1. Can you give the relative contact order of the chain as a percent, counting alpha carbon pairs under 8 Å and 6+ residues apart?
2. How high is the relative contact order of the stretch 356-480, in percent, counting Cα pairs under 8 Å that sit 6 or more residues apart?
3. Based on DSSP loop calls and a cut-off of at most 12 other Cβ atoms within 10 Å, the longest stretch of the chain free of exposed chymotrypsin sites (Phe, Trp or Tyr not before Pro) is what?
4. For SER244, what accessible surface area do you get with a 1.4 Å probe? Give it in Å², rounded to 10.
5. Write down the percent of antiparallel bridges among all DSSP beta bridges whose residues are both part of the stretch 383-480, to the nearest 5.
6. With every protein chain kept in the model, how would you rank VAL6, VAL391 by accessible area, 1.4 Å probe, largest at the top?
7. May I ask you to give the solvent-accessible area per residue for the chain, in square angstrom, as obtained with a 1.4 angstrom probe?
8. Enumerate the amide H contacts of LEU199 below 5 Å, restricted to partners 5 or more residues apart or on another chain; note that Pro and chain-start residues carry no placed amide H.
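The values are calculated or read from the model by the stated rules, or taken from the named source; none is laboratory data. Small disclaimer: the values here were computed from a predicted structure and weren't measured. We place every Cβ from the backbone using ideal geometry, glycine too, and count neighbours over all the protein chains shown. With ligands, DNA and RNA removed, areas are computed over all heavy atoms of the protein, side chains included. Shrake-Rupley method; radii C 1.70, N 1.55, O 1.52, S 1.80 Å.
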Amino acid sequence: MRSILVDVMPEETRMAILEDGALRELEVERPGHSHLVGNIYKGRVQNVLPGMQAAFVDIGGRKNAFLYIGDGHSADVAGGAGGGERVHIGQSLLVQVVKDAAGSKGPRVTTHLTLPGRNVVLMPTASYVGLSRRIEDEGERTRLRELAESLCPPGMGLIVRTAAGGQDAEAIKADVRYLTRLWSTIEARLHLLAAPALLYRDAELAIRLVRDSMTGDVDEMLVDDAVTYQRIQELLQFSYPALSRRVRLYDGATPLFRAYHVEEAVAGLAERVVHLPSGGFLVIDHTEALTVIDVNTGKFVGEENLADTVYRMNMEAAGEILRQLRLRDIGGIIVVDFIDMETAEQKERLLEYLREAARRDRSKTNVVGITALGLVEITRKKSRQNFEGIVYRDCPACGGKGRVESPETVAVRICRHIRRIEARAHAPFGYEVEVEKDVATDISTAGALDVLRRDVGIPVRLTPRPDLHPGAYVITQLSR
């Protein structure tokens with residue numbers, strides 16, 4: 001049973017995909033965090049990096065976009081190798097965002113443009129025909145390829161999407177006609193507007209949902225907003241009438257996500273530790289370019305021998321890891337430290353299981369293999385800002401490190417600071433030290449300032465302040 005839930009508020013739209021009642025995918029969109037991926041801009045080159053075959057392009061945002069020339073087909077950075085058109089400062093370029101801004105990095109753009117429809121993707125700057133790898137029937141692949149080649153506009157390219165499987169020629173032809181007209185509109189805006197300018201904005205979440213996720217294997221879609229429900233119905237009636245009967249307006253008294261137990265699952269996405277049904281658990285840690293996942297047996301002790309216990313634990317963990325990658329939309333390089341297995345056969349079965357599960361992921365996921373250290377390497381394409389990036393920000397106390405200094409460390413810094421002051425000018429009436437209230441309690445209980453008091457021979461008074469950072473303190477010399 002595959003279900004799609006759409007929860008709509010003016011402040012936020014959320015989409016959840018459930019498989020047999022379990023949350024498999026989640027996407028959140030807010031007006032203040034609108035995604036840039038898919039948008040097409042007329043940009044202006046601000047800087048070129050010949051040594052990196054790259055350029056920075058102003059597309060009208062807070063940060064310039066990064067363009068790697070290898071992403072295009074005919075462009076080349078001025079001063080670099082290659083025989084294409086040279087990119088230079090001040091030049092106008094037609095680019096499309098392929099990756100949202102993240103952290104200190106701006107968005108990434110390409111000159112290889114794509115316009116997605118429901119059944120096909122039009123490539124105005126390419127000239128080839130491709131098919132989704134998820135269409136497996138060879139007869140259907142042949143039919144769709146021949147159809148796409150006959151419909152492909154001159155000088156352009158087409159990619160046939162999974163949703164096109166089983167569709168008649170007229171449905172695919174209508175998609176091509178619509179996308180060709182859309183490209184003509186973009187070209188007209190290109191000549192009218194000065195750079196930087198937005199020429200095309202990708203559809204909002206509800207529309208992308210119909211275009212990309214509402215396929216024949218979806219049993220039901222529930223929408224809790226009447227206006228959004230009506231828009232989805234109109235879109236499906238136009239593009240895929242048979243699926244419109246599977247969409248229902250949810251009007252239950254219990255909020256949609258709560259009624260289907262999605263809220264509890266969403267709350268767990270913030271946790272570093274993910275518990276497994278058997279008693280084992282995963283630990284997920286992130287760096288800017290790498291995600292590390294550690295598999296632990298926890299309370300799982302198995303019923304037979306050690307090798308069987310380890311294998312079963314790893315297989316259970318593998319399924320949950322692929323689920324967490326989809327749920328949290330983790331991209332880039334992922335390294336998994338599974339529990340060591342004894343036989344090559346078990347390792348190969350684990351890799352095959354991971355690869356099979358990865359095929360069900362809409363984002364391109366590649367299980368590379370096992371390294372010499374016994375770690376499994378996975379790469380996953382990431383383009384849009386994920387759930388964590390939208391919902392959370394770095395902790396103001398720890399700055400994103402996940403740790404703050406211990407009270408003992410704060411006490412040592414206070415002692416060092418006061419001794420430095422005393423070396424310059426003695427304070428006869430002593431000092432008042434303001435610290436965060438819990439830190440003050442810990443320092444007082446441990447007597448961490450007693451040695452300082454004896455050495456300098458003056459009072460040092462601790463004052464708790466609830467508004468202070470746990471690692472901060474304020475020292476004041478007492479006047480009497």
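1. Across the chain, relative contact order equals 11 percent.
2. On the way: 143 pairs, mean separation 30.6, N = 125.
Computed over the stretch 356-480, the figure is 25 percent.
3. Details: sites that count: TYR128, TYR392, PHE429.
Result, exposed sites excluded: 129-391.
4. About 10 Å², rounded to the nearest 10.
5. Values: 5 of 10 bridges.
Antiparallel bridges make up about 50 percent of those DSSP assigns within the stretch 383-480.
6. VAL391, VAL6
7. With all protein chains present, the chain gives 52 Å² per residue.
8. For LEU199, the qualifying residues are ILE40, TYR41, LYS42.
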